[in-house]
Structures are given as C-alpha cells and as structure tokens.
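Comments concern the structure below.
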Amino acid sequence: VIHLSDVLYVKSDNNYSDFVLLNEQRFLSSRTLKDYEKILGDQGFFRSHRQYLVNLDHVSGYSNNDGGYIKMSTGKIIPIGRRKVAEFRKIFL
C-alpha cells in the first residue's frame, strides 16, 4: 500500500508511471501519467511538466531561472513547463 503523503512525484516513463517516494523507493505502474493526473489532480498533485506530476505537500520552492523548476523537500529539482508557471504560482503562492 502506498500512501499519497509518501509520494514525492510521479514521472512518466513512456506508457508507464514511475512513483518516487520520500524514502527514494520507486514503484512502476502500467497506467499513464495522464491517467494519474485525472485521479490525483484534486488530491494535491500538480502536473508541472509533460513528464512530471508533483505532490504539492512536498514542494519547498520554485524558480523561473533556467526555464523554470520546482524544488522538492528532498532537494530534487523538477522542471516546470513555461505554460505551467502561472498556474503553479496561483496554487503555490
């Protein structure tokens, strides 16, 4: 059983989704990131980039430098798409 609070982010891997947990464990699912965006979008997750769905509870900051990125509580840097910056700022700030 995976608790949503333990999920740091979900990364697209072709037609699979790679769940990355706070303890750095990974779980691969045969569903697409688009499927999980529909499921988790109202559960505190944000599609920051075509390859990433981040848990907003674990976001520690963001920057517009270098095309834009989100910094996670673990220090992991996640890209944020140019078209997603304004939407993210509304949610995060």
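The values are calculated or read from the model by the stated rules, or taken from the named source; none is laboratory data. Keep in mind it's a predicted model, so treat the numbers as computed, not measured. Backbone-built Cβ (ideal geometry, glycine too); neighbour counts: all protein chains shown.
Each residue in region 34-68 was checked for being within 12 Å of the chain's Cα centre (by Cα), among the aromatic types (Phe, Trp, Tyr) and farther than 15 Å from Asp18 by Cβ, and 1 pass.
Which residues, taken from region 51-90, are aliphatic (A, V, I, L, M) and touching a Leu at 6+ places or on another chain (Cβ under 7 Å)?
Step one: of region 51-90, the residues aliphatic (A, V, I, L, M) are 53-54, 56, 59, 70, 72, 77-78, 80, 85-86.
Result: Leu53, Met72.
Here are some residues: Asp13, Asp35, Asp6, Asp57. Which one is at pLDDT below 95 and of a type in the set (D, E, K, R)? Before the answer, list the steps.
Working: Asp35 fails: at pLDDT below 95; Asp6 fails: at pLDDT below 95; Asp57 fails: at pLDDT below 95.
Going through Asp13, Asp35, Asp6, Asp57 in turn, the sole match is Asp13.
For region 1-28, taking the residues that are among the hydroxyl-bearing types (Ser, Thr, Tyr) and surrounded by fewer than 16 Cβ atoms within 10 Å (Cβ to Cβ), the one that is farthest from Ile91 (Cα to Cα) is identified as Tyr16. Of the numbered criteria (1) outside any helix (DSSP H, G or I); (2) farther than 15 Å from Val10 by Cβ, the one Asp66 fails is (1).
One residue stands out among those in region 69-93 that are part of a strand (DSSP E or B) and without any contact (Cβ under 8 Å) to a residue 12 or more places away in the chain: the one that is surrounded by the most Cβ atoms within 10 Å (Cβ to Cβ), which is Tyr69.
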